[in-house]
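The values are calculated or read from the model by the stated rules, or taken from the named source; none is laboratory data. If you're wondering where the values come from, they're calculated on a predicted model, not measured in any experiment. Virtual Cβ from ideal backbone geometry, glycine too; neighbours counted across all protein chains shown. Surface areas here come from the heavy atoms of the whole protein model, side chains and all, with no ligands, DNA or RNA. Shrake-Rupley method; radii C 1.70, N 1.55, O 1.52, S 1.80 Å.
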Amino acid sequence: MAIADGCKALLKLKELRLNGNGFTSDGVKYLEPVIKDSTTLITLELSNNRLGDDGAEFIGKYLEHHPSVTGLYLDSNFINYNGCEHLGTSLHTMRHLKILSLAGNLIRTPAVERLSHHLRINGGITTLNLSKNPLGPDGCARVGELMYETNNLTSIDISSTQMMLQDKKTGLIALCEGITKNRSV
């Protein structure tokens with residue numbers, strides 16, 4: 001609460017980085033007025049906390065129709081399917097967002113499918129980081145399909161995602177096809 005109260009006074013706040021502070025979905029609720037009311041906030045970084053799916057939903061709602069946030073970093077926050085779905089729905093209106101980093105969460109194939117769907121609708125994200133998630137071959141294949149169908153992405157990080165789990169090559173094949181089609185990555 002004290003951080004939120006202090007930030008309200010910072011009328012020209014451009015970056016808010018609150019990494020590794022043990023924020024949960026309950027704690028992030030206090031940031032709502034800071035995030036929603038700021039017209040100068042460009043970067044929001046809440047990595048290495050414990051937001052979970054509920055916290056991702058709150059952040060998504062706070063950023064809907066936000067006029068200035070271009071970078072969102074929610075790495076290592078125990079975000080899974082529901083968090084990706086709620087955050088993804090908010091992406092429909094987050095037209096200024098360029099960087100989305102969800103590294104080190106619990107994102108698997110179904111969550112990547114939903115997130116990819118929402119990223120197609122958003123169309124403005126240029127940098128996507130899904131590294132260190134248990135995507136597996138099928139999740140990586142969904143990223144490859146996203147690359148194949150969109151040309152807005154210029155940087156994708158899917159390192160350490162179990163792409164070749166059990167020698168299954170679907171992820172690698174889809175990524176290669178996506179790279180041949182997508183001229184911007």
Worksheet, complete the sentence: How many residues of the range 96-112 are over 11 Å from the mean Cα position of the chain (by Cα), of a type in the set (A, V, I, L, M) and in a loop (DSSP other than H, G, I, E, B)? The answer is 1
Item to complete: Test each condition in (1) in contact (Cβ under 8 Å) with a residue 40 or more places away in the chain; (2) charged (D, E, K, R); (3) surrounded by fewer than 17 Cβ atoms within 10 Å (Cβ to Cβ) for Asp75 and report the one that comes out false.
Response: (3)
Worksheet item: Thr93 is checked against (1) among the β-branched types (Val, Ile, Thr); (2) in a loop (DSSP other than H, G, I, E, B); (3) crowded, with 18+ Cβ neighbours inside 10 Å and fails just one. What number does that condition carry?
Response: (3)
Worksheet item: For the range 137-153, does any single residue satisfy the condition of being surrounded by fewer than 22 Cβ atoms within 10 Å (Cβ to Cβ) and at pLDDT 90 or above?
Response: no
Fill in: Residues satisfying the stated conditions in the range 69-84, i.e. of a type in the set (A, V, I, L, M) and assigned to a loop (DSSP other than H, G, I, E, B)
Val69, Leu74, Ile79
Worksheet entry | Top-ranked residue in the range 48-65 [being part of a loop (DSSP other than H, G, I, E, B) and either open to solvent by less than 10 Å² (accessible area, probe 1.4 Å) or in contact with a Phe, Trp or Tyr (Cβ under 6 Å, 6 or more places away or on another chain) (or both); ranked as nearest to Asn122 (Cα to Cα)] | Leu51
Discussion item. If Asp75 satisfies all but one of (1) farther than 30 Å from Thr170 by Cα; (2) modelled with pLDDT of 95 or more, what's the number of the condition it fails?
Written reply: (1)
Worksheet item: Picking from Ile158, Ile121, which residue would you name as being without any contact (Cβ under 8 Å) to a residue 40 or more places away in the chain, surrounded by fewer than 21 Cβ atoms within 10 Å (Cβ to Cβ) and in contact with a helix residue (DSSP H, G or I) (Cβ under 9 Å, 6 or more places away or on another chain)?
Response: Ile121
Response to the item:
From the option list Glu57, Glu45, Glu64, single residue qualifying as modelled with pLDDT under 90, charged (D, E, K, R) and either closer than 20 Å to Asn133 by Cβ or in contact with a helix residue (DSSP H, G or I) (Cβ under 8 Å, 6 or more places away or on another chain) (or both) is Glu64
Fill in: Near pairs, Cβ below 9 angstrom, 6+ apart or cross-chain, from the range 19-44 (farther than 16 Å from His86 by Cβ and assigned to a helix (DSSP H, G or I)) to any residue that is at pLDDT below 90 and among the basic types (Lys, Arg)
Pro33/Lys8; Val34/Lys8; Asp37/Lys8
